[in-house]
Each structure stands twice: as C-alpha cells, then as structure tokens.
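Encoded as structure tokens, the structure appears first; notes follow it.
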Amino acid sequence: MTVTAVPVSTRTAEPRSSARHGVSFWLIGAVFAISMAFSTVPTPLYPLYQAQDGFTSFTVTVVFAVYALGVVTSLLLAGHISDWTGRRRILLPALGLEALAAVLFLGWPALPGLIVARFVTGLGVGMITATATAYLLELHAAHRPDAGRGRFELVSAAANLGGLGAGTLAAGALAQFVTAPLRTPYVVFLVLLALSAVAVAAAPETVAAPTARPRYRPQRIRVAGTDRLAYVTAALGAFAAFAVFGLFTSLAPTFVAGALHHPGRLLAGVVVFVVFGAAAGSQAASGALPAGRRFTAGLTAEAAGLVVLAAGMELPSLPLFLAGGAIAGAGAGLLFKSAIGSVAAAAAPHARGEALAGLFLIAYLGLIGPALGLGIATRYLPATTAMLWFTGLLLALLGVTAAARSRA
C-alpha cells in the first residue's frame, strides 16, 4: 500500500513514444488496481469460511497475519530489485503468484489451503506494490515530461487504496448475488489477472539493466536523511494508518455480521470499501495541503474516526460504525501519504527506494501486530470489548505520534 514519491530511473530501456507511454500509464494503473483488489477478495468471504469450517475469529486474524507476513517477506527479498532488473520482470512473476493463489483458493477451500493461498497472495502483493508505483511514475514522466506529479498521485492512490476497497466490494457483490460464492469471485479475478499479464507484457520497459548488476542483498530499513526523529514520526504514522486498515480487512466483517447483527455478504464488502475509499479520496483531495497540515489533519481525522467507531460498537449502531470507519480511513490515508512524502523528501536519490521500502515494512507490521493481538483478545473477551481496547490503544499511539511530530 503505497501511493507516492518513489524513485524514478533516469535510464530508459526502450525509445520513448509519448503516446505509447500514455496508454501504458493507464494500463499499468488498471493492473495495479486489479492486483490490489484481488488481495482483499477473501475479506467479505471470511464469515462464509467460518461457517463452512467452524473456525473462530482468532483463526481469521491468523489467516490475515499470514497474508501480511507474505507481503513483508516479499518486500524484504524482492521489493527493491526492480530498480535494476526492470519493472516488467518483477510484475509478471508477481501476477503469476496472484494467479497461483486464485487457483489455490479454487482447488483447496479448506483452512490449510486458505492459509497457503493468503501467503502466496502476500508474496505477489509485496512485489507489485513498490514496483507498480515506480512504473506508474516513470510512465507518467515519459508521457508528460513537463507536467507535475498530480496525475500520477491521483491514479496511484486510486489504484492502490481504491483497488483494495474495490476488491471487497466486488467479492461481496458476487458472493451476494451469484452462485458458488467461494468460487465465483476467484474465477472472475483469475481472468482479470490473465488480462493484466497481457497488459504488462505490452507495456514499454522504463528501466535498463545496469552494466554491472549490484550485488543482491535483502532489503534493509534505512533512515532517510539525518533527522531520525522525523523518520520515527513518519514510521509511527504509517504504522497507525495500517493498523486501521488491518482492523477492517481482518475482523470488521465478522464483527458486523455477529455483534452488529448484519450478516449480508455485500454489506461485508461495503464496510471495508468505505474505509479504503475514504483513504483514497482523502489522498486525492489533499494535493494542495502543505505536508505539515496534511499530517495534522490525518492525525485528527483518524482519532475522531476511532471515537465515532467506538461509539458505533458500544451502542451498537451500524451507521455510526460505518461513519467512524470512513473518517478513520480518511485520516489514515492522509497519514500514510504524509509519511511517504516525508521519507521521500529526506532521502538521497540513490537511497530513496530503500528508505521507502523500509517504511513499507514498518507499515505492514502495523497490519500484522494489532490485528493478531486483537484476534487473541477475542478468545478471552467479547468482540466489542476487544475492539474498544484496540481503539483505545490506537488512540494512545496517535497521541505519541502527535508528541513526536511536535518535537520533529
């Protein structure tokens, strides 16, 4: 889940054709959206898997954590190598991994298969996220060399976070209105992933292989610039943003179906779509805001959204729960965009990719830790109580982030 500020290669692998790069920009944007959408297809289906196999909410969080672990593993091992191997050489295998995951979902619908398929999905997403974002920026620059980054930022935000939300909405709608709800969504996305591979193969490469290939090593977390406190502040903001995303892509559909007594499959997709849609919308609408005001607005909105969310859980009230999710999602989108911008601006050009990939690793830990902790808590506490504790801890983290920001 990244949206802006990635390194641009100054070398072009193929002769520039402005029109071709322009068409490819939109094609790669669509590929990015489809691949991210596929990663959230199982989210509204978790209650169906639970009913089929009889596993608990804690098991759902384990499945989700396995996905995030796959993303982190991929980021560590392969998230940075497209800078010298080329964008297409990373995107095509990554799409192949996602297609393999779709086949696993179809052919092995039991819990072990679900776990393996989610891990494979995470491996693909970790390869796609930074690579596709860099590819979009390079295609944009080749097509419109004299233009600003506004179009790139808008499209990458919509493809990334908007795609994550669209996946849950599409899967929820298919599960609600078609037969075989645990099969049809994967068949549809398997076709879309195949078309995506064709689009990537047809796009021009934007990176030429260097004369001397760098020695391979796993990704490291690199502090951007000399201001460690500013980097820590950005990392805390990214962690807090992804903790909200983790809550809604792991347990929220089960909570809405159980504690709030709204078991509709389409509604489960809508709940997550609201959060990611608000995040993508806030990112797209905040282009004119100075970085400092954007970060403050993100902190304030996420905190306010969590308070409204807690009220919706306590009453209980589905409209309040959805409103809280939308406000918190909008704040999380602003926080993450600010974190990316801060790290990219502070890093030296030759270290920018590494610094950003390190930030992504920290952000994805925000998906794993809080969601898994929340799942453990639901084994011993009522779901509402556990989620209220989660919101309280996240509010405390936002307070720490605000304090660090004031000193940075």
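Quick check: is even one residue across the stretch 86-94 surrounded by fewer than 18 Cβ atoms within 10 Å (Cβ to Cβ) and without any contact (Cβ under 8 Å) to a residue 24 or more places away in the chain? Let's see the steps before the verdict.
Pass one, the stretch 86-94, residues surrounded by fewer than 18 Cβ atoms within 10 Å (Cβ to Cβ): 89, 92-93.
Going one step further and asking which of them are without any contact (Cβ under 8 Å) to a residue 24 or more places away in the chain, we end up with 89.
Looking for residues that are surrounded by fewer than 18 Cβ atoms within 10 Å (Cβ to Cβ) and without any contact (Cβ under 8 Å) to a residue 24 or more places away in the chain, one finds at least one in the stretch 86-94, hence yes.
Under the condition of being of a type outside the set (A, V, I, L, M) and outside any helix (DSSP H, G or I), which residue from the stretch 135-179 is nearest to Thr249 (Cα to Cα)?
Taking the stretch 135-179 first, the residues of a type outside the set (A, V, I, L, M) are 135, 138, 140, 143-146, 148-153, 156, 160, 162-163, 165, 167-168, 172, 176-177, 179.
Imposing the further condition that a residue be outside any helix (DSSP H, G or I) reduces the set to 144-146, 148-149, 179.
Working: Arg144: 36, Pro145: 38, Asp146: 39, Gly148: 33, Arg149: 30, Thr179: 24 Å.
Among those that are of a type outside the set (A, V, I, L, M) and outside any helix (DSSP H, G or I), it is Thr179.
Restricting attention to the stretch 144-178 and to residues that are open to solvent by less than 10 Å² (accessible area, probe 1.4 Å) and more than 19 Å from Val275 (Cα to Cα), the residue that is modelled with the highest pLDDT turns out to be Ala175. Out of (1) touching a residue at least 40 places away in the same chain (Cβ under 8 Å); (2) closer than 26 Å to Leu45 by Cβ; (3) out of contact with any Gly (no Cβ under 7 Å at 6 or more places or on another chain), what's the single condition that is false for Pro319? Of the numbered conditions (1) touching a residue at least 40 places away in the same chain (Cβ under 8 Å); (2) closer than 26 Å to Leu45 by Cβ; (3) out of contact with any Gly (no Cβ under 7 Å at 6 or more places or on another chain), the odd one out for Pro319 is (1).
May I ask you to list the residues in the stretch 266-321 that are part of a helix (DSSP H, G or I), of a type in the set (S, T, N, Q) and buried (at least 19 other Cβ atoms within 10 Å of the Cβ)? Once the filter is applied, which keeps residues that are part of a helix (DSSP H, G or I), of a type in the set (S, T, N, Q) and buried (at least 19 other Cβ atoms within 10 Å of the Cβ), the stretch 266-321 yields Ser282, Gln283. Screening the stretch 46-134 for helices (runs of 4 or more DSSP H) wholly inside it with 3 or more residues that are charged (D, E, K, R) returns the ranges 88-107.
A single entry from Gly329, Gly366 fulfils the requirement of being surrounded by 24 or more Cβ atoms within 10 Å (Cβ to Cβ) and closer than 19 Å to Ala284 by Cα: Gly329. Going by what's in this entry, would Asp83 be described as more than 30 Å from Arg213 (Cα to Cα) and open to solvent by 10 Å² or more (accessible area, probe 1.4 Å)? Judged against the criteria, Asp83 is not a match.
When Gly29 is tested against (1) modelled with pLDDT of 90 or more; (2) open to solvent by less than 30 Å² (accessible area, probe 1.4 Å); (3) more than 17 Å from the chain's Cα centre (by Cα); (4) over 30 Å from Ala257 (Cβ atoms), only condition (3) is not met.
The values are calculated or read from the model by the stated rules, or taken from the named source; none is laboratory data. Given the structure is predicted, the values throughout are model-derived calculations rather than measurements. Glycine gets a Cβ as well: all are built from the backbone with ideal geometry, and neighbour counts include every protein chain shown. Heads up: the accessible areas ignore ligands, DNA and RNA and are worked out on the full protein's heavy atoms, side chains in. Shrake-Rupley method; radii C 1.70, N 1.55, O 1.52, S 1.80 Å.
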